[in-house]
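Notes follow once the structure below has been shown.
Please treat every number below as a calculation from the coordinates, not as lab data. Please read all numbers here as calculations on a predicted model, not as lab measurements. Glycine also receives a Cβ, built like all others from the backbone with ideal geometry; neighbour counts cover every protein chain displayed.
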Amino acid sequence: MSSTITVIYENGILRPLTPMMVPERARLQIRVEHVEAPTDTTEHRRQVRKALVTAGLSLPAPSLPTPSESISADRRDELARVFAAGQPLSEIIIEERDGR
């Protein structure tokens, strides 16, 4: 069986970034190939997330729907009226506590 994994070298030890399905004390042959760390932060985060998902340490990110168009000013005003609470939440809480 042959596979490629990514490891980090720390304090003289090669540490795999993903779990290895091999028995304890198994003899392995390793070919060392230097991998440059990405300089792009977004790409680095994507790679880390992928490694965490592959290792079963994180769930895949849900795909978010993309808005097809922005909300018009009229629609925004309408929604503001529908969802307006009337007064700040802090004032509502204070009134409820005074009534006790």
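SER70 meets each of the listed conditions (1) closer than 30 Å to VAL7 by Cα; (2) outside any helix (DSSP H, G or I) apart from (1).
Please verify whether region 29-47 includes one or more residues that are of a type in the set (A, V, I, L, M), at negative phi, surrounded by 10 or more Cβ atoms within 10 Å (Cβ to Cβ) and not in a strand (DSSP E or B). Break it down into steps so the answer makes sense when it comes.
Residues of region 29-47 of a type in the set (A, V, I, L, M): 30, 32, 35, 37.
Add one more test, that the residue is at negative phi, and what stays is 30, 32, 35, 37.
Remaining after also requiring surrounded by 10 or more Cβ atoms within 10 Å (Cβ to Cβ): none.
The answer is no, given that none of the residues of region 29-47 is of a type in the set (A, V, I, L, M), at negative phi, surrounded by 10 or more Cβ atoms within 10 Å (Cβ to Cβ) and not in a strand (DSSP E or B).
Can you report the number of residues in region 44-100 which are under 30 Å from PRO19 (Cβ atoms), polar (S, T, N, Q) and out of contact with any Ser or Thr (no Cβ under 6 Å at 6 or more places or on another chain)? Residues in region 44-100 being under 30 Å from PRO19 (Cβ atoms), polar (S, T, N, Q) and out of contact with any Ser or Thr (no Cβ under 6 Å at 6 or more places or on another chain): 3 in total.
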